[in-house]
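Contents: one structure, followed by commentary.
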Amino acid sequence: MADLRVTLCGKELKNPVIPASGTFGFGREYNEIYDISALGAVATKGLTLLPRLGNPVPRIAESRGVILNAVGLQNPGVESFIANDLNWLKGKTRVIANVAGSSLEDYGAICARLKGLVDFIELNISCPNVKCGGMTFGVRPENVEEVTRIAKSACGDTPLIVKLSPNVESIAANARAAERGGADCISLVNTFTGMAVDIESRRPVLANNTGGVSGTGIKPIAVRMVYEAAHAVSLPVIGMGGIACAEDAVEFLMAGAVAVQVGTQNFTDSLACLKIVEGLGAWCDRHGVSSVSELTGTLKLW
Ligand SMILES: Cc1cc2nc3c(=O)[nH]c(=O)nc-3n(C[C@H](O)[C@H](O)[C@H](O)COP(=O)(O)O)c2cc1C
């Protein structure tokens with residue numbers, strides 16, 4: 001049986017499969033369906049300093065091959081997570097705390113609160129900066145570098161993963177900006193901004209009008225971006241975007257990812273992550289690959 005272990009920022013994961021932030025809560029509901037200690041890590045729902053109720057409904061909708069969401073970072077707040085969920089989750093697998101903020105100070109404060117408590121901090125920089133007219137932190141390379149630097153200085157020894165937005169001019173430039181800011185790892189892609197219209201009511205399907213697009217339909221764009229980002233920096237990369245099966249995960253690994261995250265597919269099949277762990281092992285065995293880590297970056301260009 002192939003060795004599925006991978007090493008991320010000096011920490012061993014039992015396999016490279018991680019449920020993506022916002023699609024797995026803190027793992028409790030999925031753990032009623034299967035033992036989530038089978039997973040390499042869990043990326044938590046995006047945490048903010050204070051609890052948030054999120055956006056008005058409807059805030060999630062299906063479209064062909066994708067979904068749109070504008071959940072608006074509903075979460076119980078970082079203190080509730082630390083008090084009620086963190087220790088339980090740590091007993092299961094590696095914990096990636098996904099964090100969000102609306103100012104640079106927010107990001108610094110939440111990273112300082114979580115440092116040393118979790119295995120990794122993942123910075124969601126696809127959030128509007130209230131002090132800059134609502135432009136998201138993740139658009140301009142100079143802002144990516146700045147928020148990364150502030151987060152990194154608050155993280156202590158806890159590795160910092162910067163999760164890049166795909167709604168940018170150059171993913172390579174933004175990956176390099178995260179590296180300059182001191183990121184230990186990058187993850188991508190977050191959702192693509194989109195809109196779908198209910199033609200009977202002539203209204204957008206989401207009450208927020210626009211939302212983030214995710215799911216199988218985005219996969220080729222995500223693979224291209226992971227490939228470009230991985231070749232622009234010397235940091236480890238976590239790839240995601242539309243992964244639905246083990247073969248999809250292999251594509252991301254070959255494009256340069258060390259590990260993968262699986263998001264929307266958890267809604268289609270609650271056993272998705274477990275099946276991808278098992279499928280990766282089987283794929284490696286069928287292809288004579290003794291360790292899954294050998295696949296990273298093995299893509300051969302034409
Ligand atoms: C309902 C929903 C909520 C999400 N919430 C977050 C979040 O809180 N923080 C974050 O960084 N990404 C969030 N994401 C983005 C996913 O983690 C992931 O980057 C994206 O969906 C692409 O992967 P997928 O196509 O496998 O879903 C969310 C996605 C969905 C569908």
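The values are calculated or read from the model by the stated rules, or taken from the named source; none is laboratory data. As the structure is a prediction and not an experimental result, all values here were calculated from the model. Methodologically, a virtual Cβ is constructed for each residue, glycine included, from the backbone with ideal geometry; neighbour enumeration extends over all protein chains shown. For the accessible areas, the whole protein counts, side chains as well, though only heavy atoms, and no ligand, DNA or RNA atoms are used. Shrake-Rupley method; radii C 1.70, N 1.55, O 1.52, S 1.80 Å.
Quick rundown of the values:
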{"item": "Selection count where residues are more than 18 Å from residue 250 (Cβ to Cβ) and away from the ligand (no atom under 16 Å from the Cβ), scope the range 15-24", "result": "0"}
{"item": "Meets criteria (touching a residue at least 40 places away in the same chain (Cβ under 8 Å), away from the ligand (no atom under 16 Å from the Cβ) and open to solvent by 10 Å² or more (accessible area, probe 1.4 Å)) for residue 67", "result": "no"}
{"item": "Of the criteria (1) open to solvent by 10 Å² or more (accessible area, probe 1.4 Å); (2) more than 15 Å from the chain's Cα centre (by Cα); (3) within 16 Å of the ligand (Cβ to nearest atom), which one residue 263 fails", "result": "(2)"}
{"item": "The lone exception for residue 242 - which of (1) in contact with an Asp or Glu (Cβ under 8 Å, 6 or more places away or on another chain); (2) more than 23 Å from residue 45 (Cβ to Cβ); (3) open to solvent by less than 20 Å² (accessible area, probe 1.4 Å) it fails", "result": "(2)"}
{"item": "Every pair of residues 6+ apart whose Cβ atoms lie under 8 Å, when the first sits in the range 37-59 and is farther than 26 Å from residue 239 by Cβ and of a type in the set (Val, Ile, Thr) while the second is assigned to a loop (DSSP other than H, G, I, E, B) and open to solvent by 30 Å² or more (accessible area, probe 1.4 Å)", "result": "57/207"}
{"item": "Enumerated helices (runs of 4 or more DSSP H) restricted to the range 1-116, each holding at least 3 residues that are more than 19 Å from the chain's Cα centre (by Cα)", "result": "78-84, 104-114"}
{"item": "Subset of the range 30-50 that is within 14 Å of the ligand (Cβ to nearest atom) and either open to solvent by 60 Å² or more (accessible area, probe 1.4 Å) or out of contact with any Pro (no Cβ under 8 Å at 6 or more places or on another chain) (or both) - its residue that is nearest to residue 159 (Cα to Cα)", "result": "41"}
{"item": "Looking only at the range 279-288, and only at residues there that are surrounded by fewer than 16 Cβ atoms within 10 Å (Cβ to Cβ) and in contact (Cβ under 8 Å) with a residue 24 or more places away in the chain, the one that is nearest to the ligand (Cβ to nearest atom)", "result": "282"}
{"item": "Number of the exception - residue 239 against (1) in a strand (DSSP E or B); (2) within 9 Å of the ligand (Cβ to nearest atom)", "result": "(2)"}
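Okay, residues lined up against (1) on the phi > 0 side of the Ramachandran plot; (2) buried (at least 24 other Cβ atoms within 10 Å of the Cβ); (3) part of a helix (DSSP H, G or I); (4) in contact with an Asp or Glu (Cβ under 9 Å, 6 or more places away or on another chain):
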site	(1), (2), (3), (4)
209	yes, no, no, no
229	no, yes, yes, no
232	no, no, no, yes
250	no, no, yes, no
277	no, no, yes, no
